[in-house]
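Reading through the structure tokens given below for one structure.
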Amino acid sequence: MLNRPDIIRTVTELRAMVSTWRRDGQSIALVPTMGALHDGHLSLMRLAATQADRVVASIFVNPAQFGPGEDFERYPRTEAEDVAKLATVGVDAAFVPHVREMYPEGFATRVHIERLGDVLCGAHRPGHFDGMALIVVKLLTSALPDVAIFGEKDYQQLQIIRRFTADLNIPVRIMGAPIEREADGLALSSRNRYLSPEQRQTAVALSVALRMVRDAVRSGDDPAAASAKAREDILQAGFDAVDYVEVRDPWSLELVTEPGRPARVFGAARLGSTRLIDNWAIE
Ligand code: AMP
């Protein structure tokens, strides 16, 4: 299937397109991304096509979710390649707005998520989740899809989105999709392209260490002890810093202090100036 998606730049055009589909009785799925698309993103698009008649992908590098000194400027922007990839997975429209379309002159609104937004990446990237929530609220209320799909790669983000869509009565079904990985287990990420060949070799240690925490906690080990061991292993492998390795409840994201109940292990670590995250379910 090679139907190039329509490229839409404004909220007005997006609304017009969606309402035409709605008039024809068609359902709509939305898949938000920041572009630099890889197979993880494309798996979300394929899932979307099984959930609705029409699929809209958005590509927007959202300045509001990058902190000072983070990688907003250098974040890869590959629109032409991205649109060609979207054509292979049955996406009907790509919403690719300019920054001034989403944040016009005079823009003054913020969204803040308490508790879920304070831990894990929230503790290390101040303002990140508020900025993410702001753009996702805008995308959802602009497209008004039946379903929106987000990857478990950004598991905390997924739970925060579930929270604020419920809190704000945004009428959309939020669906999570499994993490796509390289053959050696490294989670696919747009940021992997920052890695030198040597760093790429080291990078797999994050997923390996987290999987060992999963296995240890599954077989009855103390979550805090297993997490501490993983932090050491990640540094030993050649990472420059570990932001966190923690075992938390999959819904409340509260710390889990004993084995034997559903949990998830989360990790974030830095290789040079590249920050990688990953997580595994502990069933
Ligand atoms: P991003 O472009 O990084 O903002 O990601 C857009 C969406 O793709 C988010 O919902 C991510 O969680 C999801 N995603 C990114 N990497 C992966 C992956 N390796 N597997 C599954 N979903 C992913």
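Values computed for the structure shown
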item	result
Highest average packing first - 202-210, 164-172, 256-264, Cβ atoms within 10 Å	202-210, 256-264, 164-172
With Cα atoms, 0 to 90° folded angle of helix 128-143 axis to the chain main axis	30
Three-way shape call for the range 230-283 based on the alpha-carbon gyration tensor, with the a/c threshold at 1.5	prolate
Inverse of mean 1/r across different Cα pairs in the chain, Kirkwood, Å	19.7
Top positive-direction residue, dipole computed over the range 190-282 with Cβ charges, set LEU255, SER196, PHE266	SER196
DSSP-assigned coil residues among GluC sites (Glu not before Pro) in the range 33-121, each with at most 12 further Cβ atoms within 10 Å	GLU73, GLU105, GLU114
Angle between the chain longest axis and helix 11-23 axis [Cα atoms, degrees, rounded to 10]	80
P(r) weight above 24 Å for the range 190-282, C-alpha pairs, percent	20
Sites ASN169 and ARG4 - FRET efficiency at Förster radius 45 Å, r taken between beta-carbons, to 0.05	0.80
Mean Cβ neighbour count within 10 Å, used as a protection proxy, ranking 121-127, 61-67 highest first	61-67, 121-127
Principal axis dimensions, largest first and in whole angstrom, of the range 136-205 by Cα	46, 18, 17
The chain - share of DSSP beta bridges that are antiparallel (%, nearest 5)	50
Tilt relative to the chain, helix 223-237 - C-alpha long axis, 0 to 90 degrees, to 10	90
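All of the numbers you see were taken from the coordinates with simple rules; none came from a lab. Given the structure is predicted, the values throughout are model-derived calculations rather than measurements. When we count neighbours, we look across all protein chains shown, and the Cβ atoms used for this are built from the backbone with ideal geometry, even at glycine.
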